[in-house]
1. Quick check on my filter: what residues within the range 171-191 are touching a residue at least 24 places away in the same chain (Cβ under 8 Å), under 14 Å from R76 (Cα atoms) and away from the ligand (no atom under 16 Å from the Cβ)?
2. Step by step: first the residues of the range 177-205, then only those that are surrounded by fewer than 17 Cβ atoms within 10 Å (Cβ to Cβ) and touching a Leu at 6+ places or on another chain (Cβ under 6 Å), then the one that is nearest to L120 (Cα to Cα). Which residue is that?
3. Please verify whether the range 52-62 includes one or more residues that are out of contact with any Ser or Thr (no Cβ under 6 Å at 6 or more places or on another chain), open to solvent by 40 Å² or more (accessible area, probe 1.4 Å) and either of a type in the set (F, W, Y) or assigned to a helix (DSSP H, G or I) (or both).
4. Just need a number here: residues in the range 120-162 that are away from the ligand (no atom under 11 Å from the Cβ), under 23 Å from D175 (Cα atoms) and crowded, with 18+ Cβ neighbours inside 10 Å.
5. Quick one: count up the residues across the range 1-43 that are in contact with a Phe, Trp or Tyr (Cβ under 8 Å, 6 or more places away or on another chain), of a type in the set (A, V, I, L, M) and at pLDDT 95 or above.
6. Based on what the data block shows, is I103 under 10 Å from the mean Cα position of the chain (by Cα), within 14 Å of the ligand (Cβ to nearest atom), modelled with pLDDT of 95 or more and more than 21 Å from R16 (Cβ to Cβ)?
7. For residues that are crowded, with 20+ Cβ neighbours inside 10 Å and of a type in the set (S, T, N, Q), scanning just the range 67-90, find the one that is nearest to the ligand (Cβ to nearest atom).
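The values are calculated or read from the model by the stated rules, or taken from the named source; none is laboratory data. Computed from a predicted structure; not experimentally measured. Neighbour counts run over all protein chains shown; Cβ positions are idealised from the backbone, glycine included. Note: areas computed on protein heavy atoms with side chains; ligands, DNA, RNA excluded. Shrake-Rupley method; radii C 1.70, N 1.55, O 1.52, S 1.80 Å.
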Amino acid sequence: MRERFVGIGMTSRRTRNRLIERLRAEGIRDESVLDAIRAVPRHIFVDEALSSRAYEDTALPIGAGQTISQPYVVARMTEALRAGGSLDRVLEIGTGCGYQTAILARLATEVYSIERIQSLLAQARQRVHDLKIHNIRMRHGDGGKGWPEHAPYDGILVAAAPASVPWALIEQLGDGGRLVIPLGHGHAQDLKLITRSGDELQEQILERVAFVPMVSGLG
Ligand code: SAH
């Protein structure tokens with residue numbers, strides 16, 4: 001693992017800056033989000049055979065039929081979750097390779113992340129450990145049920161698409177909390193931002209996205 005951190009061209013500052021400039025051109029404005037993306041080595045989160053493509057703005061396979069999200073989508077979701085403010089406790093559903101988790105960990109006090117596929121979770125845990133990130137807790141479970149023990153959350157980010165919003169996630173959202181979630185069947189979904197104030201929910205469609213489906217139960 002260690003030798004992958006140093007000395008290879010794809011990790012160069014220039015390669016990473018090119019990605020940041022592209023995200024800016026696509027409309028990402030939150031400098032804290034851009035800084036986090038610049039700082040987290042995405043090549044560590046993908047298979048070595050794909051690491052030369054790690055700083056392209058594209059989704060890539062991570063095994064078990066799943067994908068690491070496109071950097072633009074990670075940036076957009078994180079920007080919407082933050083809304084320019086600081087985040088205390090964040091819940092993420094669909095850890096996958098752990099890349100989005102590591103981005104969130106730079107912007108929140110505590111990150112709780114749930115993944116239903118054990119092999120992906122184990123790898124994500126190892127990476128986060130190797131990168132010495134200490135404010136993440138991961139769990140093998142069905143994210144549709146949330147993680148009630150640590151609720152309420154001021155942000156919940158969902159990286160797999162259910163047909164409708166799991167009620168448990170709304171219940172675990174704190175007052176003023178924000179839920180970013182892809183919703184719908186098939187290969188294209190609406191990415192929604194749901195904001196809770198008291199008992200009121202406000203909904204906004206951010207864009208069209210293509211996530212893997214949210215699947216109930218354990219993998
Ligand atoms: N942010 C991740 C995205 C991975 S893809 C990354 O960039 O790597 C979405 C992940 O959601 C997959 O790993 C899939 O196994 C997981 N997933 C799907 N349904 C789930 C559920 N009900 N609970 C927890 N994880 C789920």
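1. The answer is R178, and nothing else.
2. Of everything passing the filter in the range 177-205, D190 is nearest to L120 (Cα to Cα).
3. yes
4. Total meeting the criteria: 6.
5. Final tally of qualifying residues: 4.
6. Taking the combined requirement at face value, the residue does not satisfy it.
7. Selected residue: S69.
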